[in-house]
Amino acid sequence: MVATLTPGVALAQIKQPGAHLDYAAELEPQGVVQWDGPSGFDEGLGFGFRAAIPLFHNGPVAKLNNNMAIGFGFHWAFFEDDCNSRYQSDVIVFGSDCEASDLWFPVVLQWNFYLTPSIAVFGEPGLAIRHTRVSVDNCPDDVYVDCDSADTDFQPFVLYMGAKFFVSDAVAVTVRLGFPTISVGASFFL
């Protein structure tokens with residue numbers, strides 16, 4: 001039984017400070033699924049890009065294999081639905097398509113914990129700017145129907161959690177969950 005536990009213990013590196021890739025930047029193109037869209041749209045698909053620049057190689061917990069980085073980027077999701085069940089300024093717009101887009105610009109503090117040489121987990125608290133746009137095609141010529149609207153909001157707190165699965169020393173598959181998105185990307189460490 002001791003022999004079967006030894007390989008697992010050898011792979012763990014969480015208690016080996018600094019035993020991870022020393023990189024200058026992380027670049028991550030990603031695919032995005034957003035399940036809560038603007039104006040009641042359900043789910044949308046999109047893409048995004050994140051970059052992270054390490055603040056320091058090891059720490060702030062000196063006894064663990066961890067580091068911190070400043071992360072920033074964007075993600076865009078597109079939504080489409082028929083307008084038969086959607087209200088625009090209390091008027092039902094029949095026979096038209098409704099479209100929306102949601103663009104997020106997060107800035108986060110990424111805290112990575114390297115569990116093994118191939119797995120790291122992270123948390124990303126931060127803030128974001130969110131820009132939404134909703135439009136209706138074949139819109140009736142009616143002053144009570146808003147056929148094209150846009151809004152930009154400041155989100156003072158966002159939180160993402162995720163994991164990185166390293167496929168080589170400089171490439172990882174990154175999965176990130178936050179409200180209202182999940183993303184999967186390829187992280188390239190430079």
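Please treat every number below as a calculation from the coordinates, not as lab data. Keep in mind it's a predicted model, so treat the numbers as computed, not measured. When we count neighbours, we look across all protein chains shown, and the Cβ atoms used for this are built from the backbone with ideal geometry, even at glycine.
Annotations
- Residue order, fewest to most beta carbons within 10 Å, for Asp36, Asp151: Asp151, Asp36
- Net charge in the neighbourhood of Leu190 (other residues with Cβ under 14 Å of its Cβ; Lys, Arg +1, Asp, Glu -1) is -3.
- Two-site label geometry, Arg130 and Val171: point separation in nm, points 7 Å out along Cα→Cβ: 3.4
- Cα gyration tensor category, rounded, prolate or oblate, for the range 107-190 with a/c compared to 1.5: prolate
- Here the extension length gained between Asp153 and Lys63 equals 28.4 nm, from 0.36 nm per residue of separation less the Cα-Cα distance.
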